[in-house]
1. What single numbered condition from (1) among the polar types (S, T, N, Q); (2) closer than 21 Å to K115 by Cβ; (3) not in a strand (DSSP E or B) fails to hold for S52?
2. List the pairs whose first member sits in region 159-183 and is outside any loop (DSSP other than H, G, I, E, B) and within 13 Å of the ligand (Cβ to nearest atom), whose second member is at pLDDT 95 or above and among the hydrophobic types (A, V, I, L, M, F, W, C), and whose Cβ atoms are under 8 Å apart, counting only residues at least 6 apart or on separate chains?
3. Pull out all pairs, ordered by first then second residue, where Cβ-Cβ is under 8 Å, the residues are six or more apart or on different chains, the first lies in region 57-79 and is touching a residue at least 12 places away in the same chain (Cβ under 8 Å), and the second is surrounded by 14 or more Cβ atoms within 10 Å (Cβ to Cβ) and of a type in the set (D, E, K, R).
4. Filter region 123-145 for residues that are among the charged types (D, E, K, R) and not in a strand (DSSP E or B); which is farthest from the chain's Cα centre (by Cα)?
5. Of (1) among the aromatic types (F, W, Y); (2) over 30 Å from F103 (Cα atoms); (3) buried (at least 18 other Cβ atoms within 10 Å of the Cβ), W160 satisfies all except one. Which?
6. For region 80-117, give me each residue that is without any contact (Cβ under 8 Å) to a residue 60 or more places away in the chain, over 16 Å from V135 (Cα atoms) and not acidic (D, E).
7. I'm trying to understand the selection: among the residues of region 87-111, which are more than 16 Å from the ligand (Cβ to nearest atom), of a type in the set (V, I, T) and assigned to a strand (DSSP E or B)?
8. Kindly indicate which of I118, I60 is part of a helix (DSSP H, G or I), within 13 Å of the ligand (Cβ to nearest atom) and among the hydrophobic types (A, V, I, L, M, F, W, C).
Amino acid sequence: EFLDLLDKNKKPFDLLMSYYRCAVMEIETKFRVLDQEYSLEYDGNPIESIKSRIKSYDSIARKVRRKNIPMTIESLEENIRDIAGVRVVCSFPEDIYELADSFLRQDDITLIEMKDYIKNPKPSGYRSLHLIVQVPIFLQKTKKYVYVEVQLRTIAMDFWASLEHKLRYKKNIPEDEAKLIAQELYDCSVESAKLDERMQKIRSMMNKGESE
Ligand code: 0O2
């Protein structure tokens, strides 16, 4: 079905994907600029890395099926809000909230939804701050507002999520073993949250010491 849609609409689909690529560039630049500015105030840059992705064709197709969304370009554009994804990885949880605040204060950014899985982790143990935003992109003749999902996490959260993500795609693990791994992952998530907090405390003690 989805292939049918693409056959008929290859051009509009490609065009839509190119808008997402532009939106990702805009958002990445905004975070790089903030990183530059913050690095003058603090010791070092708050952002460890930025990874962006455009959702793969297969993954979009799966989501369309799962959510029972009409097979049109317009409906993709309106209903799938994480086709463009920007992941910002920081060392410390505090920096995540500072960066998110500064980013959301920018007047061309519209916050659509914020999901704070750091304060309220998912049952799996997943932690990250998710922002669904709209950003304008300026084209030759028009201005278009595009949805982007920004995920902000610490290095520890990112490490955990990438390991847990692997488990999701492993289909041949016996059920009881998978349960054990899931439990172990959950425990690790709790431990890594504690580590994030402790590392942050160390940093504030060091910063305090410096300013005295
Ligand atoms: P991928 O491969 O990263 O693109 P939605 O289904 O998006 O309408 P939902 O499910 O509430 O609504 O969205 P959520 O959970 O806020 O965000 C989904 C994305 O967050 C996922 O994207 C993952 O990147 C990440 N994520 C959420 N929960 C987990 C988790 O338990 N473990 C890991 N490793 N990542 C998680 P996709 O599209 O699922 O996958």
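1. With respect to (1) among the polar types (S, T, N, Q); (2) closer than 21 Å to K115 by Cβ; (3) not in a strand (DSSP E or B), S52 is out only on (3).
2. W160/L185; W160/C188; L163/L185; E164/L185; L167/L185
3. Close Cβ pairs (under 8 Å, with a partner that is surrounded by 14 or more Cβ atoms within 10 Å (Cβ to Cβ) and of a type in the set (D, E, K, R)) amount to K63/K55.
4. Our first condition is that a residue be among the charged types (D, E, K, R); within region 123-145, this holds for 127, 141, 143-144.
Cutting the leftovers down to not in a strand (DSSP E or B) gives us 127, 141.
On the way: R127: 11, K141: 30 Å.
It comes out as K141.
5. (2) is the only condition that W160 fails.
6. I96, Y97, K115, Y117
7. T110
8. Details: I118 fails: part of a helix (DSSP H, G or I).
Of I118, I60, the one residue that is part of a helix (DSSP H, G or I), within 13 Å of the ligand (Cβ to nearest atom) and among the hydrophobic types (A, V, I, L, M, F, W, C) is I60.
The values are calculated or read from the model by the stated rules, or taken from the named source; none is laboratory data. Worth saying up front: this structure is predicted, and the values here are computed from it rather than measured. Please note: Cβ atoms are built from the backbone with ideal geometry, for glycine as well, and neighbour counts cover all protein chains shown.
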